[in-house]
């Protein structure tokens, strides 16, 4: 495998967990709910996935457990934010703190235990093509899942009536309620879906990206996923591009660390976080661009009056 | 059966006092259940967590020392949250304060005395303020979401601390441990009470007093609250939103920076790879549990400091993971937020109409 091929391959694997989590957050935010607990949901998804794969010997069971773990966290958030109409900013933070703690509590005994890993697929001939073979036809199955999910989310949001209802609830919950849509129920489903996706992202980290479990292994990816949704101005394909760009930044800084260049590794490690800030600034300063796609009811609580 | 919220005619005064207490009770009950599920002697665990640290003199001193930074930070954050400014990066501002304040003892180890200590404190405050000014500037100038920028800056600050402690500031005589040379006695906060209670407890009490005075008795405190409750009214009142954002960030950043330098020049005693076990995040919980009021924050800070102490004790005695404390803290914040809703709403159980018809027929 050539150097360029190898770098492309790792960029895609670095982008995958970000994209899973960001797509989930996109659906939640399009329904009007800002969930800042992505980091916590990912952490729980990572540990439930690792534990289940470890107990059964099947990675696929791990993936399912990651989905369930993340969805359960999403449901918890949904109950607090939708039934009790709490402040979404603060509740998301609580979810992150709780999730990081819970994953540490469950994962304590898995520290240092080798994970199963997931094999890359191999299609005779196609996977052996030069340059494009491995990155396009020889990834692990979850990469193809995230591509399908991106297309699915786009299709749902912009080509189905369900997507239209979801977006209208995110834009004006009072009108949607007046039209007879069940605002809170649909938002709850959106938040649970968001949790499931974040759980998938977490599962990818502990099963594929680095097949092991470590405390705080999500390393801020949940927060970067939230930033990606802003970066992508709430559009799935722009979010996917953003995820690949961030994957590239994190891989290039890792490679730069390996080569040294005399720059301390910690300084290079700050790059993904600093670039997140820069990107946020660049996107946010253009208010007109943001206004087009930002769900108008994002972050606002809704209590039906009857 | 379905839970519904029904708006109260006016906020319930009774629930304002009761809601934090109810949240604490619910969190304790859930904590108890978690221990039972984990097959740990739940009663003993709760005793170790919340009562045992209060039974000895040294541990009460330790409690005050842990509560001091948390309360100091939370008092600042309360200004932010009242003004609807979402600074969640106090942990990073704390680190920035620790770095800025440590410049003097690291580069001028022989310069000692009260004037150095005072300078260190001021530099710590300035470090925290400068670091908090970044997200404030980005929000005011570019409309960048402060929740994300403040949090990203936490990761950046922690990496800088790690770098400094491991490379340029590492003590050459320190057997390769990743920390600076110990600060001299003239560069440390003096012990003012017992064996370990240092001057930062006074800073904390002063901050509570000043914050109380500001919120209750000054125009600035009033303006901040108006901004949080009704930005439009504030705009009509001619208050500048941008000025408020800077003010909230500078106050909270400065206090977090002070907490940071007080940690390294206090209980820690040198500069090392971790300067805080998450005080900046705990302070967020404390601010809400204290209902954003200085006195409430004082009480809430003591409780959360107790959970840190108890967590250490339970870890030693029962081998419980130290992550248990974080689970408790996150859970508590959930309950606090949910219970606060009861101030404005009544909870009602509603039966769906269909179900009623069926039961009536049966």
*Select, from B:261, B:224, B:210, the only residue that is in contact with a helix residue (DSSP H, G or I) (Cβ under 6 Å, 6 or more places away or on another chain) and either in a loop (DSSP other than H, G, I, E, B) or within 28 Å of residue B:118 (Cβ to Cβ) (or both).*
B:261
*Across the range A:75-89, what is the total count of residues that are in a helix (DSSP H, G or I) and either more than 7 Å from chain B (Cβ to nearest Cβ) or buried (at least 20 other Cβ atoms within 10 Å of the Cβ) (or both)?*
9
*Among the candidates A:15, A:71, A:55, which residue alone is more than 14 Å from chain B (Cβ to nearest Cβ), under 14 Å from the mean Cα position of the chain (by Cα) and more than 18 Å from residue A:102 (Cα to Cα)?*
A:15
_Yes/no for residue B:220 being farther than 30 Å from residue B:56 by Cβ, more than 14 Å from chain A (Cβ to nearest Cβ) and within 24 Å of the chain's Cα centre (by Cα)_ = yes
*Would a scan of the range B:90-101 turn up a residue that is within 14 Å of chain A (Cβ to nearest Cβ) and more than 17 Å from the chain's Cα centre (by Cα)?*
yes
*asked:* Just checking, does the range B:95-109 include any residue being free of Cβ contacts under 8 Å to residues at least 40 places away in the same chain and out of contact with any helix residue (DSSP H, G or I) (no Cβ under 9 Å at 6 or more places or on another chain)?
replied: yes
*Return yes when residue A:100 is within 14 Å of chain B (Cβ to nearest Cβ), within 21 Å of residue B:285 (Cβ to Cβ) and under 18 Å from the mean Cα position of the chain (by Cα) and no when it is not.*
yes
*For the range B:187-207, which residues satisfy the criterion of being assigned to a loop (DSSP other than H, G, I, E, B) and at negative phi?*
B:188, B:189, B:190, B:195, B:196, B:199
_Condition check: surrounded by 14 or more Cβ atoms within 10 Å (Cβ to Cβ) and touching a strand residue (DSSP E or B) at 6+ places or on another chain (Cβ under 6 Å). Does residue B:198 satisfy that?_
yes
*So which helices (runs of 4 or more DSSP H) stay within the range B:279-352 end to end and still have 1 or more residues that are surrounded by fewer than 24 Cβ atoms within 10 Å (Cβ to Cβ) and at pLDDT below 90?*
B:294-318, B:323-344
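Here is a yes/no grid of residues against (1) modelled with pLDDT under 95; (2) under 22 Å from residue B:262 (Cα atoms); (3) assigned to a loop (DSSP other than H, G, I, E, B):
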position	(1), (2), (3)
B:128	no, yes, no
B:131	no, yes, no
B:138	no, no, no
B:161	no, yes, no
B:168	yes, yes, yes
B:173	yes, no, yes
*Conditions: (1) touching a residue at least 12 places away in the same chain (Cβ under 8 Å); (2) buried (at least 17 other Cβ atoms within 10 Å of the Cβ). Residue A:174 meets all but one. Number of the miss?*
(2)
*Assuming residue A:119 fulfils every condition listed in (1) more than 14 Å from chain B (Cβ to nearest Cβ); (2) in contact with a helix residue (DSSP H, G or I) (Cβ under 9 Å, 6 or more places away or on another chain); (3) not in a loop (DSSP other than H, G, I, E, B) apart from one, which condition is it?*
(3)
_Selected residue [touching a residue at least 12 places away in the same chain (Cβ under 8 Å), closer than 30 Å to residue B:38 by Cβ, crowded, with 20+ Cβ neighbours inside 10 Å and more than 8 Å from chain B (Cβ to nearest Cβ)] from A:138, A:92_ = A:92
_From B:236, B:249, B:271, residue being touching a strand residue (DSSP E or B) at 6+ places or on another chain (Cβ under 9 Å) and more than 30 Å from residue B:28 (Cα to Cα)_ = B:271
*asked:* Yes or no: the range A:280-287 includes at least one residue that is modelled with pLDDT under 90, more than 10 Å from chain B (Cβ to nearest Cβ) and out of contact with any helix residue (DSSP H, G or I) (no Cβ under 9 Å at 6 or more places or on another chain).
replied: no
_Pairs with Cβ under 8 Å, 6+ apart, first in the range B:5-32 and surrounded by fewer than 16 Cβ atoms within 10 Å (Cβ to Cβ), second assigned to a loop (DSSP other than H, G, I, E, B)_ = B:7/A:303; B:7/A:305; B:16/B:291
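The values are calculated or read from the model by the stated rules, or taken from the named source; none is laboratory data. Source: prediction; values computed, not measured. Quick reminder, even Gly has a Cβ in these numbers, built from the backbone with ideal geometry, and neighbours come from all protein chains shown.
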